[in-house]
């Protein structure tokens, strides 16, 4: 009877330790980083032809981001794009329904361009914000660089009266090992 009780207590302790280790792993080695950039869609864009819009280079500040989270870029295991949104900034009353198709590609020095998100077709009832569908690529090599840029390929099915300024917001999930482990 005493032996069974000791075994039950030991088993309970093992389960508690294992479950707390996974909680520590999730809490201290997984975090998100966010980036924002701008693009402008020219009002002279030709309908039904693909147009490339380039963001300026986006500084990753990866060394700082990783240090704040008690890790380094050599300890990063995986970085996934979790969310990417387009938000109209100007003109205020502009909707994104003039777009028919969107594809987003990431570029970084020394790496091949990679498609990371899309929306095809863009819904006709879209407002001034559009959430894109994301591809499940490990973007570690791109985000640990000092800079990356996005190429946004759009096809329009309507003409706009003015240039349209659009904010590109992206959120990345980072999974890394702790420095101390």
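What the table below lists for this structure:
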| quantity | calculated |
| --- | --- |
| So residue 65, is it over 21 Å from residue 128 (Cα atoms) and in contact with a helix residue (DSSP H, G or I) (Cβ under 8 Å, 6 or more places away or on another chain) | no |
| Where residue 59 falls short, out of the listed (1) over 17 Å from residue 144 (Cα atoms); (2) exposed (fewer than 13 other Cβ atoms within 10 Å of the Cβ); (3) in contact (Cβ under 8 Å) with a residue 12 or more places away in the chain | (1) |
| Residues being under 19 Å from residue 57 (Cβ atoms) and buried (at least 17 other Cβ atoms within 10 Å of the Cβ) - total across segment 109-140 | 4 |
| Hits in segment 31-65 (condition: under 16 Å from residue 171 (Cβ atoms) and either part of a strand (DSSP E or B) or touching a strand residue (DSSP E or B) at 6+ places or on another chain (Cβ under 7 Å) (or both)) | 31, 32, 33, 34, 35, 36, 37, 55, 58, 60, 65 |
| Given (1) part of a loop (DSSP other than H, G, I, E, B); (2) more than 26 Å from residue 46 (Cα to Cα), index of the condition residue 77 fails | (1) |
| Residue match in segment 23-42 (condition: surrounded by 15 or more Cβ atoms within 10 Å (Cβ to Cβ), more than 15 Å from the chain's Cα centre (by Cα), closer than 30 Å to residue 179 by Cα and modelled with pLDDT of 60 or more) | yes |
| Strands (runs of 3 or more DSSP E) (entirely within segment 109-181) containing at least 1 residues that are in contact (Cβ under 8 Å) with a residue 24 or more places away in the chain, touching a strand residue (DSSP E or B) at 6+ places or on another chain (Cβ under 6 Å) and under 22 Å from residue 73 (Cβ atoms) | 114-119, 147-156, 164-176 |
| Members of segment 157-174 that are at pLDDT below 95 and either crowded, with 17+ Cβ neighbours inside 10 Å or more than 22 Å from residue 123 (Cα to Cα) (or both) | 160 |
| Residue tally, condition under 19 Å from residue 103 (Cβ atoms) and touching a helix residue (DSSP H, G or I) at 6+ places or on another chain (Cβ under 7 Å), over segment 158-181 | 2 |
| Selection status of residue 77, on the phi < 0 side of the Ramachandran plot and without any contact (Cβ under 8 Å) to a residue 12 or more places away in the chain | no |
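The values are calculated or read from the model by the stated rules, or taken from the named source; none is laboratory data. All values derive from a computational prediction rather than experimental measurement. Methodologically, a virtual Cβ is constructed for each residue, glycine included, from the backbone with ideal geometry; neighbour enumeration extends over all protein chains shown.
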